[in-house]
Structures are given as structure tokens and as C-alpha cells.
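Here the structure comes first, spelled out in C-alpha cells, and everything after it is commentary.
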Amino acid sequence: MCILKELNFPPYHFKINTTPQAKHIFDVYRRKWVILTPEEWVRQHTLRYLVEEKKYPAGLLSVEKAIKVNTLLKRCDAVFYNTARKPLLIIECKSPEVEINQNVFEQAMRYNLSLQVNYLFITNGLQHYFFKTTQQGLEALKTILEWNSLQGR
């Protein structure tokens, strides 16, 4: 069974269903029950935080977005699009037990080869990293941008 660790996000109420086989959480963005893994726990908090606190429009969100990286089919945890439906932000979530290290940053950058976004948000629920992509690589930002600030850059 998944142990629900307290994360570095505001507390949110989630619908959770427990069966003898597994715990499930209702994903309001995909409108379905999904298995509650530690990574899913982080993803659900991250998306609620961006939509409810930072005012990102849920209608411009794609969860588990399928992309092609070279010849491999991969899935981004989540992608926000701008109002012109161009990818704007890749979100990469890890379990709280996973260290955010160079390999994780490189994974997000590989996803960006396909999507060419302006921003990356990488989190394990305890540590959060928000970047602007530049010609030189990643520029770390001190804060997670509000939607209006993201659009204006």
C-alpha cells in the first residue's frame, strides 16, 4: 500500500478509494480513478497547486502527455499549453523518495527536445525547481511563476 507522505504543498482534499489490492485517487483533470503511487501523490498535489494557487487554467492541461523522443515513445507527467495551444510548461514529478539530480534534469530536457517549451517544473513534492529554458540551457527561477507571469514572458 502507498503511504501518503506530507508534501511541501498546501493541504488539499482528494477522493481516495482503498480496495484490498490498491489505493486509488480520483484525478479531476483526467476525470478517472488512477492507482495511488507516491509519484501520483506528488503529481496530484502539483497540479492542484498550479491550478488553485497559481491560477493555471485546467483547460490548458494535458496529463501523461505522450511524446516522441528520438524514436522512443515517452510520457510527460503533465504539460500546460498557452492559449494558442502551444506547449508552454513541462512538469516532471518524482516520488518524494527520489532525489532530484542531474539525471532528472536531463530527462526533462530530453522531453523538451520534442515539445520546445519555455518552462520546466521539476518536483518530488519536497523540493521544487522551476526553470526558464534558454539557448544556453536552463535558467533557475527563484519562484514558481503565476500563470499571468508565465504568459507575459
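Worth pointing out:
- Region 1-81: C-alpha gyration tensor shape, a/c 1.5 cut-off, then a/b vs b/c: oblate
- Relative pair counts by distance (%), Cα atoms of the chain, 10 Å bins: 10, 42, 37, 10, 1, 0
- Remark: the chain carries a charge dipole of roughly 560 debye about the Cα centre, counting +1 on each Lys and Arg Cβ and -1 on each Asp and Glu Cβ.
- Helical contribution to [θ] at 222 nm, DSSP H n ≥ 4, -39,500 (n - 2.57), averaged over the chain, rounded to 500: -6000 deg cm²/dmol
- Nearest-ten-degree value, helix 38-48 long axis tilted from longest Cα axis of the chain: 60 degrees
- Heavy-atom accessible area per residue - the chain, 1.4 Å, Å²: 55 Å²
- Distance distribution P(r), region 78-117, all Cα-Cα pairs, bin width 5 angstrom from 0: 6, 22, 28, 20, 14, 7, 3, 0 percent.
- The C-alpha atoms of the chain define a longest principal axis, and helix 102-115 lies at about 70 degrees to it.
- Accessible area of the chain belonging to carbon and sulfur atoms, whole % at 1.4 Å probe: 49 percent
- Cα gyration tensor category, rounded, prolate or oblate, for region 52-129 with a/c compared to 1.5: oblate
The values are calculated or read from the model by the stated rules, or taken from the named source; none is laboratory data. Please read these numbers as outputs of a predicted model, since none were measured by experiment. Positions of Cβ are generated from backbone atoms using ideal geometry, with glycine treated the same way; all protein chains shown enter the neighbour counts. Quick note on the areas: whole protein, heavy atoms, side chains included, nothing else; ligands and nucleic acids left out. Shrake-Rupley method; radii C 1.70, N 1.55, O 1.52, S 1.80 Å.
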